[in-house]
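The values are calculated or read from the model by the stated rules, or taken from the named source; none is laboratory data. In this text the structure is predicted, and so the values were computed from the model without any measurement. Virtual Cβ from ideal backbone geometry, glycine too; neighbours counted across all protein chains shown. Heads up: the accessible areas ignore ligands, DNA and RNA and are worked out on the full protein's heavy atoms, side chains in. Shrake-Rupley method; radii C 1.70, N 1.55, O 1.52, S 1.80 Å.
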Amino acid sequence: MVERVLNSQPTWEMNVTEPIAGNYYPVNTRASLVDSKRGMQLTVLTDRSQGAASLNNGQVEFMLHRRILKDDYRGVAEALNETANGKGLIVRGKHWLFYSDTNSYHMHRDIGLDMFYKPNVVVGNQGELEVPTATFYKTGAPASKYLNVVTLQKILADNVTMATADNKTSLLVRLENTLPNAEGGKPITVKLDQLFNMRGVFAGFEELALAADRNVKEGARDRDQGSDTEITLEPFDIRTFVIKFNTTEVEESNITF
């Protein structure tokens, strides 16, 4: 999170002409009101992006939705008057409140990630469902509780230039270290050959740019890939890889989410 102080900016002198609007900031997942003297903080987790401000000591407010009947001359050249069935739209969200010490950042981040990546509940007339037969990770547990698998996708040889026809199976994988330096984040070492419960022999990996459109060695940012089987994710790092296996297929029932 980024620290914000009322009527103040860290890199330039703030001329306060809009005491309310000038102190509102975007909140994507959470905001905290910190009492540095007592070492305590009030944290509010949100289920959607919205605005927040602390205009008085000990207070924090959130703007879920705004409606104005006249143009505010801020660039859109129209009133922000969204209606449905002749009435103004009403936004209802969920907020989770935590009062804890200032060292409890990891708890808030864990809950925020759980909220963002919560599974979708699907109801249908499918009949008998296929039950996974094994765990997601090969070792039964991830390398760290802060290791997040952002993308896991089976790809064909022609989809990515780095996946040659000699490798019958390739996986596109994005891995994230979810904890930043400011919250005590540490590097996470991942053994890619031991990461997933796969059938086949690990045949190497290559790192791609974040969008998976080119090898990182072809771009401006060339980085050490580590050993033949290990990579390291720095705090708050997201990296993309193609992991290759000498096998004709992936046993789909062995991968669970």
Per-residue SASA entry for VAL34, accessible area with 1.4 Å probe, Å² rounded to 10
90 Å²
Give me the one-decimal nm value for the distance between modelled label points at ARG74 and ARG48, 7 Å along each residue's Cα-to-Cβ direction.
1.7 nm
Peptides 16-25, 87-96, 107-116 ordered by average Cβ neighbours within 10 Å, highest first:
107-116, 16-25, 87-96
Within the stretch 1-62, list the GluC sites (Glu not before Pro) lying in a DSSP loop whose Cβ has at most 10 other Cβ atoms in a 10 Å radius.
GLU3, GLU13
Per the 1/(1 + (r/R0)^6) rule, R0 = 30 Å and r from the Cβ atoms of LYS37 and MET107, FRET efficiency to 0.05 is 0.85
Mind checking which of LEU69, ASN81, HIS95 is farthest towards the positive end of the stretch 37-102's charge dipole, using Cβ charges of +1 (Lys, Arg) and -1 (Asp, Glu) about the Cα centre?
HIS95
Project the alpha carbons of the stretch 1-42 onto their principal axes and report the range along each, largest first, in whole Å.
31, 25, 18
Take the Cβ-Cβ distance between TYR99 and MET14 as r, set R0 to 25 Å, and report the resulting FRET efficiency rounded to the nearest 0.05.
0.25
LYS186 accessible area, nearest 10 Å², 1.4 Å probe?
140 Å²
How much length is gained if the chain between LYS145 and GLU230 is pulled fully straight, taking 0.36 nm per residue apart and subtracting their Cα-Cα distance, in nm to one decimal?
28.8 nm
